[in-house]
Amino acid sequence: MVSSLGDLERRVMEELWSSAAPRSVRDVHAALTRERDLAYTTVMTVLDRLAKKGLVNRESSGRAYLYAAVQTREEMAADVMHEALEGTGQDRTAALVAFVDRVTPEEAATMREALSRLESKS
C-alpha cells in the first residue's frame, strides 16, 4: 500500500506533512502549482485516492473537505520498512544486516540508542 505511492501522491503527502493543520484541496493545489501546472480536479482526485487508501483523514468543513495525514512521515517510512521485511520471507535477519551495513555512523548510534531503550523496557 504505502510503497505504491506515485510521484504526485508523494508530493501531496509532503504538503500535508509540512502543515500543522489540515489542508483544503485549494491549499494543496496552490502549493503544488508553484512547482508545476496541475488541474484543481487532479489534486482533488489524488486526495480522494489517498483517503480511500487510508493514508489521509478527510473531514467536512462547510462546503469543502480538509485533509490531514494519518501518520507522520517517519511512521510511514517505518511502515514501508516493515512491509519490505515482510516480503523477505524467512530471511529477515539477512535483510536487516544488509540495511545496517548501509547506515552512517550517526544513524548507527541512533539505532543503538533506540535498541537500548527497547531493551530497558523489557
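No value in this document is a laboratory result; all are computed from the given coordinates. What you see is a predicted model; the values in this text were computed from it and never measured. Because the Cβ atoms are built from the backbone with ideal geometry, glycine has one as well, and the counts that use them run over all protein chains shown.
Sort Lys53, Lys121 so the one with the fewest other Cβ atoms within 10 Å of its own Cβ comes first.
Neighbour counts put them in this order, fewest first: Lys121, Lys53.
Is there a quick way to get the dipole size of the chain? I mean about its Cα centre, with the Cβ of Lys and Arg at +1 and of Asp and Glu at -1; what is the value in debye to the nearest 20?
The calculation lands at about 480 debye.
Can you give the direction-averaged projected area of the convex hull of the alpha-carbon atoms in the chain, in nm²?
Result: a mean projected hull area of 10.3 nm².
Any idea what the relative contact order of the chain is, in percent, if you count C-alpha pairs under 8 Å spaced at least 6 apart?
Working: 84 pairs, mean separation 26.4, N = 122.
Over the chain, the number comes to 22 percent.
Based on the Cα coordinates of the range 2-69, what is the per residue volume of their convex hull in Å³?
Value for the range 2-69: 81 Å³ per residue.
Let me know the charge dipole size of the range 2-69 about its Cα centre in debye, to the nearest 20, where only the beta-carbon of Lys, Arg (+1) and Asp, Glu (-1) is charged.
With Lys and Arg at +1 and Asp and Glu at -1, about 160 debye.
Just rank Tyr40, Tyr65, fewest to most, by other beta-carbon atoms within 10 angstrom.
Tyr40, Tyr65
How about the range 7-107: which GluC sites (Glu not before Pro) there are in a DSSP loop, with at most 14 other Cβ atoms within 10 Å of their Cβ?
Counting only loop positions with at most 14 other Cβ atoms within 10 Å, the GluC sites (Glu not before Pro) in the range 7-107 are Glu35.
Could you list the residues of the range 70-97 with an amide nitrogen less than 13 Å from a label point located 7 Å from the Cα of Lys53 in the Cα-to-C-beta direction?
70-71, 76-77, 80
Determine the dipole magnitude for the range 73-121: charges of +1 sit on the beta-carbon of Lys and Arg, -1 on that of Asp and Glu, nothing else is charged, the reference point is the Cα centre, and the result goes in debye to the nearest 20.
The dipole of the range 73-121 has a size of about 160 debye.
What is the distance, in nm, between label points placed 7 Å from the Cα along the Cα-to-Cβ direction at Ser4 and at Glu106?
3.6 nm
Counting each DSSP H run of 4 or more residues in the chain as -39500 (n - 2.57), what helix-only mean residue ellipticity at 222 nm follows after dividing by all residues, to the nearest 500 deg cm²/dmol?
-18500 deg cm²/dmol
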